[in-house]
Amino acid sequence: MKRTDRIAQPWGTRTPYPAGGQWPVRVDTHLEDGLDPGEVDRWVQTASILHSNGDALDIAVKDGRIAGVRGRAVDRVNRGRLGPKDLYGWQANSSPDRLTVPLIREGGKLVETDWDTAMDRVAGRTRELLAEQGASAIGFYTTGQLFAEEYYTLGILAHGGLGTNHVDGNTRLCTATAAAALKESFACDGQPGSYTDVDHADVIALYGHNMAETQTVLWARILDRLAGPNPPAIICVDPRATPVARAATVHLAPRPGTNVALMNGLLHEIIANDWVDHGYIEAHTVGFEDLVQQVKDYPPETVATICDVPADRIREAARLIGGAERLLSTVLQGFYQSNQATAAAVQVNNINIVRGMLGKPGCGILQMNGQPTAQNTREAGGDGDLPAFRNWSNDAHVQDLARVWNVDPMSIPHMSPPTHVMQMMRYAEEGSIRMLWVNGTNPAVSLPELGRVRSILSQERLFLVVQDIFLSETAQLADVVLPAATWGEKTGTFTNVDRTVHLSEKAVEPPGQARADLDIFLDYARRMDLKDKDGQPLVKWHDAESAFEAWKECTRGRPCDYTGLSYAKLRGGSGIQWPCNEDNPDGTERLYVDGKFWSAPDYCESYGRDLVTGAPMQAPEYKALNPEGRAIIRAAEYVPPHELPSEDFPFQLTTGRTLYQFHTRTKTGRALQLQAAAPEVWVEMSAADAGTYALAEGDLAEVTTPRGKVRAQVRVSGIRDGVLFLPFHYGYWDTPAGHEPDGAGRAANELTITDWDAASKQPLFKTAAARIRKVSGGEGPSKAPTNTASAPVSPIGWSTHGSPGSEADEDFSVTGGEA
């Protein structure tokens, strides 16, 4: 047993292991001050809700309240380990400013009311709009943190009941490109790889993926491989000196927005040196010749000019990739939120495909999620796609879903693609969307160009419903606010990046009158009297487990087949990877073994899109391209970002995350240890740029783009020259005034551009042109963390550490942790 300050040491103590070995167990525990594990009343099974890794844990319950957490040694994902957000984030559940009663707007102010009044107002306005305009007047914008059962219920009431096509999740901001890239290469969503590929890989390439801060426990797994025999080589693509970059064998720091050029350069070298599995390509792929022709124009010297990365370093990275026997590739926001997002992510897929690195231990792709249940949003229809990876362009798939729901196929909107959130905002701005139901997310801080977003959400003609656990910046603009229960206060399942399904049990009662999201949706469906074609209730389930059974039936025979799972099977042991069915009763570790894909024209989820225009491919065109259902190699030409640096705006601004906060801080900002570790916004710049602009560590600076300005203290970091970085987490809930003097804000998205990727429709947060100026000298260094990507390049007199209450127990003696 060891006690460790997990703010100062976020990845915990090393447990080295060799290539091909099993990751050792280490059980992490953090309880409220003074509570001994033996005094816990009961432990309740769950998994993390504050990042996408899916760490399994148990909630400690004491006197009817959450009093701490411990990792689950038996689980395949984390083998007992927890990250800082796992260890401390639970404290937000008992924050005194939780929403506990419904609110409605009267006389311009939000006032307390009862559930019947609030829900009657929501259902009544829905009926009015359906009568006046039809379902096109109504939109739903949900979160990446609900349970599968809740997404599926939302999907059926929106698509099958109301008939609206305006359904999306804030997963559009973090994982839409992951789904799009997988659909382009494999014609279906679903991660090919497994976290256990870390145990076997000899090269791990991370593209725009600061895993050390976004998925701390998975990074701990890599750190333990690096500390053991036969460590893997690490390739990092990131303009910042992240912890991943500092551990990398090769660090490539391209100009933001040039990822496609860089990927084409790597593919050029792989093909030119014949590091290619020709047998695999011949047997299992289409499109290779197009790729060969495309990347001929991207030798390292050309790419070096575009990306400002040394040609020899590009060759070195390509040599490592080309010589790998077991290659694991991971991708996240550095690609997904940047120029040509889908095209860049698809080129990562191309590398593994042309090298034949799929379906074998250590050979995989993880197009990562940014949120804990983003996979479920995509699977169950919470982001607008049809449930269970059905193809909205395939009439047979629509008819099959209509059979499952017992509705007329024509009542399910499928004549055009689902409406993504950026388009929904435009429709609301123009007045065609007149009711927007926002659930568990905070677009008044998270969407681009916030001045515009706030003006849209504040329109009197827009009826705004917000369902949340706190009075967020978005909830403050609402006409109706519905208090929701959260993690630990309700039961359901959720699925992580590598398809592992976990059960999260209810541990405590929600505060006041707060209700589970599922119960709110079921209440709405009853008040709307939604019926199937036989006149029976459309939504036929009544609680989480019956909803799960309905969801299982919806997945039968589809790629994400859950039919072999049950609450009973998920209780007590490890999470289980889908597909889990009669053929795979224990789950499926890796997809696409032996080159078997889900890309047959009559089965696939998507026919693909043009990577430049986003135009969807039609069924006959797809069938001609891929009649046998192979993997699809899609080439892409580099196209510069829409907004480039200029004399007035000489920098490129990129935004992102920090280890200690999650999204808009509605939870982590209320956890003492996490908030203290990263309490306020900062701006990072290189030492050379700081010297040029006469800025020093801790100075107050103003960052400006054509859309707005933000004031923040300077952190002189290892970021590449010409680039500024702002964390996006910081809104206004803890600063009621909202803005600094002269109208400057503290939310990074005051500055970001209204632009999105053509294929995935994911907003682009990483390519704005910006300038910076000094406002005043600093009274001390920035409060940005010192042990993450924001580490200072020179000593500043202090380092990030926790209080005595930040210590956690690490137990290395637990046995029986086999997954």
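The values are calculated or read from the model by the stated rules, or taken from the named source; none is laboratory data. What you see is a predicted model, and the numbers here were worked out from it, not measured in a lab. Methodologically, a virtual Cβ is constructed for each residue, glycine included, from the backbone with ideal geometry; neighbour enumeration extends over all protein chains shown.
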Exercise. Failed condition for E810, given (1) over 30 Å from P443 (Cα atoms); (2) in a strand (DSSP E or B); (3) in contact with a Leu (Cβ under 8 Å, 6 or more places away or on another chain), with all others met?
Worked result: (3)
Exercise. Before we move on, is E316 part of a helix (DSSP H, G or I), surrounded by fewer than 21 Cβ atoms within 10 Å (Cβ to Cβ), without any contact (Cβ under 8 Å) to a residue 12 or more places away in the chain and not aliphatic (A, V, I, L, M)?
Worked result: no
For this session: Go through segment 182-208 and give me each residue that's within 15 Å of M357 (Cβ to Cβ), in a helix (DSSP H, G or I) and of a type in the set (A, V, I, L, M).
Result: V198
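From the set of residues in segment 604-629 that are among the aliphatic types (A, V, I, L, M) and touching an Asp or Glu at 6+ places or on another chain (Cβ under 8 Å), which is farthest from Q340 (Cα to Cα)? Working first, answer last.
Step one: list which residues in segment 604-629 are among the aliphatic types (A, V, I, L, M), which gives 611-612, 615, 617, 619, 624-625.
Restricting the remaining residues to those that are touching an Asp or Glu at 6+ places or on another chain (Cβ under 8 Å) gives 611-612, 617.
On the way: L611: 8, V612: 8, M617: 18 Å.
Here the answer is M617.
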For this session: Return yes when A631 is buried (at least 19 other Cβ atoms within 10 Å of the Cβ) and modelled with pLDDT of 95 or more and no when it is not.
Result: yes
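Table: residues versus (1) modelled with pLDDT of 95 or more; (2) in the same structural domain as A678 (by TED's automatic domain parsing); (3) out of contact with any Asp or Glu (no Cβ under 6 Å at 6 or more places or on another chain); (4) not acidic (D, E).
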residue	(1), (2), (3), (4)
Q9	yes, no, yes, yes
A19	yes, no, yes, yes
P24	yes, no, yes, yes
G34	no, no, yes, yes
E39	yes, no, yes, no
Q45	yes, no, no, yes
A56	yes, no, no, yes
Seminar exercise, completed: The condition from (1) in a loop (DSSP other than H, G, I, E, B); (2) farther than 20 Å from L386 by Cα; (3) in the same structural domain as T486 (by TED's automatic domain parsing) that D519 misses is numbered (1)
Exercise. Quick one: in segment 166-183, which of the residues that are farther than 20 Å from L206 by Cα and under 10 Å from the mean Cα position of the chain (by Cα) is modelled with the lowest pLDDT?
Worked result: T171
Exercise. From the list Y638, Y660, Y693, which residue is more than 27 Å from N170 (Cβ to Cβ), in contact with a helix residue (DSSP H, G or I) (Cβ under 6 Å, 6 or more places away or on another chain) and not assigned by TED's automatic domain parsing to the domain that holds L358?
Worked result: Y638
For this session: Please verify whether segment 783-804 includes one or more residues that are closer than 30 Å to L31 by Cα, modelled with pLDDT under 90, surrounded by fewer than 22 Cβ atoms within 10 Å (Cβ to Cβ) and of a type outside the set (F, W, Y).
Result: yes
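Of everything in segment 581-629, what is assigned to a loop (DSSP other than H, G, I, E, B) and basic (K, R)? Give them in sequence order. Full working, then the answer.
Of segment 581-629, the ones assigned to a loop (DSSP other than H, G, I, E, B) are 581-592, 596-608, 610-615, 617-618, 626-629.
If the condition is that a residue be assigned to a loop (DSSP other than H, G, I, E, B) and basic (K, R), then R590, K596 are the ones that fit.
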For this session: Kindly list, by first and then second residue, each pair from a residue in segment 406-430 that is on the phi > 0 side of the Ramachandran plot to a residue that is surrounded by fewer than 21 Cβ atoms within 10 Å (Cβ to Cβ) and modelled with pLDDT of 95 or more, limited to pairs with Cβ atoms under 7 Å and residues at least 6 apart or on different chains.
Result: N406/D532; N406/K533; N406/D534
Exercise. Before we move on, is G384 in contact with an Asp or Glu (Cβ under 7 Å, 6 or more places away or on another chain) and either outside the structural domain of K540 (by TED's automatic domain parsing) or not in a helix (DSSP H, G or I) (or both)?
Worked result: yes
Exercise. Only one of (1) within 17 Å of S329 (Cβ to Cβ); (2) surrounded by fewer than 24 Cβ atoms within 10 Å (Cβ to Cβ) fails for H209. Which number is that?
Worked result: (2)
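Which members of segment 550-580 meet the condition of being part of a helix (DSSP H, G or I) and more than 26 Å from S606 (Cα to Cα)?
Initial filter on segment 550-580 (part of a helix (DSSP H, G or I)): 550-555, 567-570.
Y567, A568, K569, L570 - these are the residues of segment 550-580 that are part of a helix (DSSP H, G or I) and more than 26 Å from S606 (Cα to Cα).
Considering each of A131, A118 in turn, give the residue that is crowded, with 19+ Cβ neighbours inside 10 Å, outside the structural domain of T15 (by TED's automatic domain parsing) and not β-branched (V, I, T). Lay out the reasoning, then the answer.
Numbers: A131 fails: crowded, with 19+ Cβ neighbours inside 10 Å.
None of the others qualify; the one that does is A118.
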For this session: Report whether or not V69 is within 28 Å of L332 (Cβ to Cβ), touching a Phe, Trp or Tyr at 6+ places or on another chain (Cβ under 9 Å) and without any contact (Cβ under 8 Å) to a residue 60 or more places away in the chain.
Result: yes
Exercise. Does T214 fit the bill of being buried (at least 20 other Cβ atoms within 10 Å of the Cβ), more than 28 Å from Y622 (Cβ to Cβ), modelled with pLDDT of 95 or more and polar (S, T, N, Q)?
Worked result: yes
Exercise. Going by the structure shown, is D308 closer than 21 Å to N339 by Cα and surrounded by fewer than 17 Cβ atoms within 10 Å (Cβ to Cβ)?
Worked result: yes
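Look at L482 and say whether it is modelled with pLDDT of 95 or more, under 22 Å from A568 (Cα atoms) and not in a loop (DSSP other than H, G, I, E, B). Quick ask: steps written out before the conclusion?
Values: modelled with pLDDT of 95 or more: yes; under 22 Å from A568 (Cα atoms): no; not in a loop (DSSP other than H, G, I, E, B): yes.
No; evaluated as a whole, the condition is false for this residue.
Mind checking which residues of segment 415-470 are outside any strand (DSSP E or B) and touching a Phe, Trp or Tyr at 6+ places or on another chain (Cβ under 6 Å)?
First pass over segment 415-470, keeping only residues outside any strand (DSSP E or B): 415-434, 440-462, 469.
Within segment 415-470, V421, M422, I433 meet the criteria.
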Problem set entry | Scan of segment 593-617 for residues that are in contact with a Gly (Cβ under 8 Å, 6 or more places away or on another chain) and under 27 Å from D757 (Cα atoms), ordered by number | F597, W598, S599, A600, P601, Y603, C604, P616, M617
Exercise. Does L154 count as surrounded by 22 or more Cβ atoms within 10 Å (Cβ to Cβ), hydrophobic (A, V, I, L, M, F, W, C) and within 19 Å of the chain's Cα centre (by Cα)?
Worked result: no
Exercise. Restricted to segment 652-676, and to residues that are touching a Pro at 6+ places or on another chain (Cβ under 6 Å) and not in a loop (DSSP other than H, G, I, E, B), which residue is farthest from D721 (Cα to Cα)?
Worked result: T654
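Inspect segment 687-695 for any residue being of a type in the set (V, I, T) and surrounded by fewer than 20 Cβ atoms within 10 Å (Cβ to Cβ) and give the result as yes or no.
The initial filter retains those residues of segment 687-695 that are of a type in the set (V, I, T), namely 692.
Then drop every residue that is not surrounded by fewer than 20 Cβ atoms within 10 Å (Cβ to Cβ), which leaves 692.
Checking segment 687-695: at least one residue is of a type in the set (V, I, T) and surrounded by fewer than 20 Cβ atoms within 10 Å (Cβ to Cβ).
Say we look at segment 762-782 and pick out the residues that are basic (K, R) and surrounded by fewer than 24 Cβ atoms within 10 Å (Cβ to Cβ); which of these is nearest to Y607 (Cα to Cα)?
As a first pass, look at segment 762-782 and keep what is basic (K, R): 766, 771, 773-774.
If we keep only those that are surrounded by fewer than 24 Cβ atoms within 10 Å (Cβ to Cβ) as well, we get 771, 773-774.
Working: R771: 42, R773: 48, K774: 51 Å.
In this case the residue turns out to be R771.
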For this session: With the condition kept exactly as written, say whether any residue in segment 330-348 is surrounded by fewer than 24 Cβ atoms within 10 Å (Cβ to Cβ), outside the structural domain of L57 (by TED's automatic domain parsing), touching a residue at least 12 places away in the same chain (Cβ under 8 Å) and of a type in the set (G, A, S).
Result: no
